[in-house]
């Protein structure tokens, strides 16, 4: 593998077929690439981020015919939809390649001709199974269906037997070089489970690969033999070379090739981890550093695809929430190598819990208190105390964790670490209670220190979430009075204490309005809710109601009750004292996400011993399908306030 400059980072997505409009699956891949690209730019590295469209082949030809269009007309229409969507979700790609562009066709033909001259490509006759949907040749061991035909194991559609003259690539000659390469560079395919799949497949033996067709006219003509068009995968894979300047901007090409990471869905792993390195070896190009096969987003436990009719339109989310909640959800919900099952309920919960309650509430109450208590400007503070120092040092530790996980492409872990810190800052405010200190003029400098620490932490948080949520990040950065764009400060320059005293803090605007699932899906056709049978209720008198003491409680500490799945032990501030409560909510909420939250508790309920713990109160929650949903306060309400 060729050595590369540490300052050059070249990342690619697959190029997407133009036989249909983009969906959540395409969006997921491209958002991952965008977040990694943005992070590398913050590190001060030279970055090239490539995406684009794959516009040749039988599948596109067929889709165009069905619509009464020429293939290029269909391609032009769909390309515009991809480009519009990438703009809507804030994708910052450096180049968008189309395989119908002349420089790409010339580059592919040049490489094809070179391999013919080396005798790595030869003419012969192909007879075997071909899947039009996947543009892929299938092995002979695909089992027969009852009707006497065979089904593609990947897409589930009928495969056809084809027989025609074609050119072959000598893939069999690269079996040993590939296995030697995998052994020397075990991180070439990630995650490791995917490398195991690749090695196992190659060890079974490689057959020469048919790389041209005579029955498909919509493609790049073979040099000196225009009756043949180049097989779509040979054509498409070489976009990673032509898109970075091969044969038309060699200075750019030499600066960034070999690629740092090809980001792909696991369904095209074989083409990228076997065919592609073999093509590159044959043409004597340095090989990429990593092929990362991420998981799929599933709907109803099935992979989203047009053929299954279960694709999700990202605009349904974008029109309601904007880009950042979608970006956050897709990257936070699952580790990059695993599959995830998309649900609207899960999405709304993430928005309301993580974004509105955790981050949004922290921004609102911190900056509003600075506005109300200091007219938007902190000029002087007292010295750091123990808790103040801890929140600063924890940020320094967070930076290291974010660097490590982001460089390892573990964006889910990056966001987990950032949100753990957000919860720490919320706890810091809960413990220090600045809303009480404001009543004591002698504690003014102490109050200023607490709010300065919280604002400095927010500044660091806004910087670290920039790769994932650029729009919200820049808003928080601006609220804090930072004049220069985030991108002008490198990761190594970011310091907790760089928030300047006397800097004017703006009044924040709400970043993440809470929303109900019902409102979100109001334009979608949903299944009717199960009928709720009315239960006969026993009336109580007003005097009996007045005996109930409802207060605003704030969680200071939370932990799982050992040996249980649903119970959490909570330390809850009720204004006058701290109470221990046991709540059966662990199947819905983690201990970490409840810390700093405020909700209604009844405090004069007779104590009860649960699993050996005396529970001295009860929180109020709605029961939805047997699970608790807690109504949190979305404004900064005084802890201990009476609820009437």
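Quick note: the coordinates plus some simple rules give every number you see, no bench work behind them. Here the structure is a predicted model, which is why all the values come from computation and not from measurement. Cβ sites come from the backbone with ideal geometry, for glycine too, and all protein chains shown count toward neighbours.
A few points about this structure:
- Per residue, the convex hull around the alpha carbon atoms of segment 190-257 comes to 145 Å³.
- The chain: angle of helix 71-88 to the longest principal axis, Cα-based, in degrees nearest 10: 20 degrees
- With the highest mean first, a sort of the peptides 26-35, 280-289 on other beta-carbon atoms found within 10 angstrom per residue produces 26-35, 280-289.
- When each of the peptides 426-433, 477-484, 240-247 is scored by how many other beta carbons lie within 10 Å of its residues on average, the order from highest to lowest is 240-247, 426-433, 477-484.
- FRET efficiency for residue 247 and residue 420, using Cβ-Cβ distance with R0 set to 41 Å, rounded to 0.05: 0.25
- Think of it as helices only: each DSSP H run of n ≥ 4 in the chain is worth -39500 (n - 2.57), and spread over all residues that comes to -11000 deg cm²/dmol at 222 nm.
- The slack between residue 627 and residue 343, meaning 0.36 nm per residue of separation minus the straight C-alpha distance, is 100.6 nm.
- Dimensionless Rg ratio for segment 265-396, taking C-alpha atoms and the 2.2 N^0.38 Å reference: 1.64
- Antiparallel bridge percentage (DSSP; both residues within the chain; nearest 5): 70 percent
- Contour minus Cα-Cα distance for residue 173 and residue 66 (0.36 nm per residue): 34.5 nm
- Largest first, the extents of the alpha carbon coordinates of segment 8-294 on the three principal axes equal 57, 48, 41 Å.
- Extending 7 Å from Cα along the Cβ direction at residue 254 and again at residue 103 yields two label points whose distance is 1.7 nm.
- 20 °C / 1.002 mPa s Stokes-Einstein diffusion coefficient of segment 12-118, Kirkwood radius on C-alpha pairs, µm²/s: 141 µm²/s
- Here the convex hull built on the C-alpha positions of the chain has a volume of 197 cubic angstrom per residue.
- Potential lengthening between residue 559 and residue 160 on full extension [0.36 nm per residue; Cα-Cα distance subtracted]: 137.8 nm
- Per residue, the convex hull spanned by the alpha carbons of segment 155-295 comes to 138 Å³.
- Each label was represented as a point 7 Å from its Cα along the Cα-to-Cβ direction; for residue 224 and residue 483 these points are 6.5 nm apart.
- Ratio of Rg to Rh for segment 402-492: 1.05 [Cα atoms; Kirkwood radius as inverse mean 1/r over pairs].
- Kirkwood Rh and Cα Rg combined as Rg/Rh, segment 542-629: 0.96
- Nearest 10 degrees, 0 to 90: helix 444-464 Cα axis against the chain principal axis: 10 degrees
- Peptides ranked, highest mean first, by Cβ atoms within 10 Å: ranges 119-125, 209-215, 342-348, 353-359: 353-359, 209-215, 342-348, 119-125
- Cβ-derived FRET efficiency at R0 22 Å, residue 94 paired with residue 474, nearest 0.05: 0.65
- In this calculation the C-beta distance from residue 433 to residue 298 is compared with R0 = 41 Å, giving a FRET efficiency of 0.35.
- Scattering from segment 345-518 was approximated by placing one identical point on each alpha carbon and applying the Debye formula without solvent; log10 I(q)/I(0) at 0.19 1/Å stands at -1.34.
- Between 0 and 90°, nearest 10: helix 470-479 axis offset from the chain longest Cα axis: 30 degrees
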